[in-house]
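Remarks on the structure that follows.
Derivation of every value follows stated rules applied to the coordinates shown; laboratory data play no part. Computed from a predicted structure; not experimentally measured. Because the Cβ atoms are built from the backbone with ideal geometry, glycine has one as well, and the counts that use them run over all protein chains shown.
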Amino acid sequence: MKPRSARLQTLAQLAALAERDARLRLGRANAELHRREAQQSQLESWAQEYATQWLQAGQSGIPGHALTRLAAFCASLDGTLETQRQAVLQARDASAQAVTRWHGVRNRQRAFDELAARLRRDEQQAAARQEQLRLDELAGIASRAGLSEGG
């Protein structure tokens, strides 16, 4: 039968795989968050540019239908920007959840690793004690054999 540390090592390896998976998911969640934030920043920049154009167009006296189209486009852009803000919030939430999950999985992996290491140390110490007992027993036999030969 396998020693306890070897059986626990299998669990530690599974925990390491789970940690790797959680770390990869965290990386993907963070990449998605950064992508969404960059999109939001770009949309905000465009919204600012078009709002400025709309104000300038209104001041310069462009035709009403052109001003109406520009106003409709700005309103559409504002709606898109709000949708993007919601997407950023969801991405932040997903990233925070991924961090929490990764921390939990990593802590579990560390616990398995520490327990496996402690069991290996205990098994090595027990094996060393057994070896010492055998050596002491052999020394005792040799000592008694030497006494009986000499006596």
- Item | Tensor-based shape of region 65-110 (alpha-carbon gyration tensor, a/c under 1.5 rounded, otherwise prolate or oblate) | prolate
- Task: Of the options Tyr50, His65, Ala22, report the single residue whose Cα projects farthest towards the positive end of the charge dipole of the chain (beta-carbon charges: Lys, Arg +1; Asp, Glu -1).
- Result: Ala22
- Message: Taking R0 as 25 Å, what FRET efficiency do you get between His34 and Arg110 from their Cβ-Cβ distance, rounded to the nearest 0.05?
- Response: 0.35
- Approximate spin-label separation Arg92-Thr80, in nm, with each point projected 7 Å along Cα-to-Cβ: 2.3
- Query: So how tilted is helix 4-60 from the main axis of the chain? Cα-based, degrees 0 to 90, rounded to 10.
  - Reply: 10
- Task: With runs of 4+ DSSP H residues as the only contributors, calculate the mean residue ellipticity of the chain at 222 nm using -39,500 (n - 2.57) per run, divided by the residue total and rounded to the nearest 500.
- Result: -36500 deg cm²/dmol
- Task: Starting from the alpha-carbon convex hull of region 36-91, give the projected area averaged over all orientations, in nm².
- Result: 3.4
- Message: Classify the chain from the C-alpha gyration tensor, please: rounded if a/c falls under 1.5, else prolate or oblate depending on whether a/b exceeds b/c.
- Response: prolate
- Message: For the chain, take the longest principal axis of its alpha carbons; what is the angle in degrees between that and the long axis of helix 64-150, to the nearest 10 within 0 to 90?
- Response: 0
- Message: Quick check: net charge around Tyr50, other residues with Cβ under 12 Å of its Cβ, Lys/Arg +1 and Asp/Glu -1?
- Response: -2
- What does the charge dipole of the chain about its Cα centre add up to, to the nearest 20 debye, if the Cβ of each Lys and Arg holds +1 and the Cβ of each Asp and Glu holds -1? 400
